[in-house]
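Participant: Submitted below is the structure of interest, expressed as structure tokens.
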Ligand SMILES: Nc1ncnc2c1ncn2[C@@H]1O[C@H](COP(=O)(O)OP(=O)(O)OP(=O)(O)O)[C@@H](O)[C@H]1O
Ligand SMILES: [Mg+2]
């Protein structure tokens, strides 16, 4: 589904990624851990082709196609979706309109399908009338991002800290919806969506089963392995220790 080869990337002229390799197969879900400022968000925005995140080396292959030079809109059309870490407030666009737009409905109406999706995400009608993220609480913003992804239903789902600031009851809901976006209830051979989830405390892995975990350090994927082992080592001894253990084994 996604192959990143030797990717170097700068953000406003500052090198952030330095030869990063990552491969995600169809149907797999990966988690990415790493210290603040290590470039996790930059990686996702680079995968999506945001202009400020300039590729200076390497390439990104998606569904067999080299997309390194494609515009963001083209990448989204190919099936990429992202739930942002800190999405902006969008004045003048109601959440309901945004969800309808994400579903590909250009009627400008808040449709029955949009209402149904919102209900699944435990949003009342009132939220659909509010401007996107305007005055939303931290947890509501995370749910709003996932609602928009559910409407878009991408084949490759990127989630930037979907578990930060979410209370324990909503975490279950968020986990269930991410699981449904990623077809986690299907047998592995029947899953056609893949995911990459950034998390600090790995809370989301209590609710969504994941296949691989990676630690990002020094602008690269410094260590990869089975989630239980990688997450356990990071929680116990920190990122650098986990990377050292990886290099020794
Ligand atoms: N627009 C920008 N201009 C300058 N520097 C930037 C810009 N965006 C990101 N950076 C820098 O790039 C580095 C990587 O940032 P990034 O947001 O990717 O980190 P992160 O791993 O997601 O961190 P966190 O865990 O805190 O979310 C940081 O040092 C950040 O300050
Ligand atoms: Mg980040």
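Participant: Would you compute, from DSSP H runs of 4+ residues alone, the mean residue ellipticity of the chain at 222 nm, taking -39500 (n - 2.57) per run and dividing by the full residue count, rounded to the nearest 500?
Facilitator: -10500 deg cm²/dmol
Participant: Taking the Cα centroid of region 144-197 and of region 44-99, what is the distance between the two, rounded to the nearest whole Å?
Facilitator: A separation of 17 Å, based on Cα centres.
Participant: Between the helical axis of 138-152 and the dominant principal axis of the chain, each derived from Cα atoms, what acute angle in degrees is found, rounded to the nearest 10?
Facilitator: Approximately 80 degrees, to the nearest 10.
Participant: Of the beta bridges DSSP finds with both residues in region 116-249, what % are antiparallel, to the nearest 5?
Facilitator: Percentage antiparallel, nearest 5: 50.
Participant: A further question follows. With axes computed from alpha carbons, what is the tilt in degrees of helix 168-181 against the longest principal axis of the chain, rounded to the nearest 10 within 0 to 90?
Facilitator: 80
Participant: Roughly what angle does helix 227-237 make with the longest principal axis of the chain, taking Cα atoms, 0 to 90 degrees, to the nearest 10?
Facilitator: With rounding to tens, the tilt is 70 degrees.
Participant: Under 1.5 on a/c is rounded, so check that first for the chain, then, if it is not, pick prolate when a/b is larger than b/c and oblate when it is not; a ≥ b ≥ c are the square roots of the alpha carbon gyration tensor eigenvalues.
Facilitator: prolate
Participant: Ranked from highest to lowest mean number of other Cβ atoms within 10 Å per residue, what is the order of the peptides 207-217, 153-163?
Facilitator: Highest to lowest by the protection proxy: 153-163, 207-217.
Participant: Counting only C-alpha contacts under 8 Å and six or more residues apart, can you give the relative contact order of region 1-112 as a whole percent?
Facilitator: 25
Participant: Applying a 10 Å radius around every beta-carbon, put 196-206, 182-192 in order of their mean neighbour count, most first.
Facilitator: Answer by packing, highest mean first, reads 196-206, 182-192.
Participant: Share of antiparallel DSSP beta bridges in the chain, in percent to the nearest 5?
Facilitator: The antiparallel fraction comes to roughly 60 percent.
Participant: If you average the sequence gap of Cα pairs under 8 Å that are 6 or more apart and divide by the length of region 100-214, what percent do you get for the contact order?
Facilitator: It comes to 25 percent, rounded to a whole number.
Participant: Ranked highest first by average number of other Cβ atoms within 10 Å, how do 105-116, 26-37 line up?
Facilitator: Going by the mean number of other Cβ atoms within 10 Å, highest first, we get 26-37, 105-116.
Participant: Averaging sequence separations of C-alpha pairs under 8 Å and six or more residues apart, then dividing by the length of the chain, give the relative contact order as a whole percent.
Facilitator: 25
Only the coordinates and a few stated rules stand behind these numbers; no lab work does. Keep in mind it's a predicted model, so treat the numbers as computed, not measured. Backbone-built Cβ (ideal geometry, glycine too); neighbour counts: all protein chains shown.
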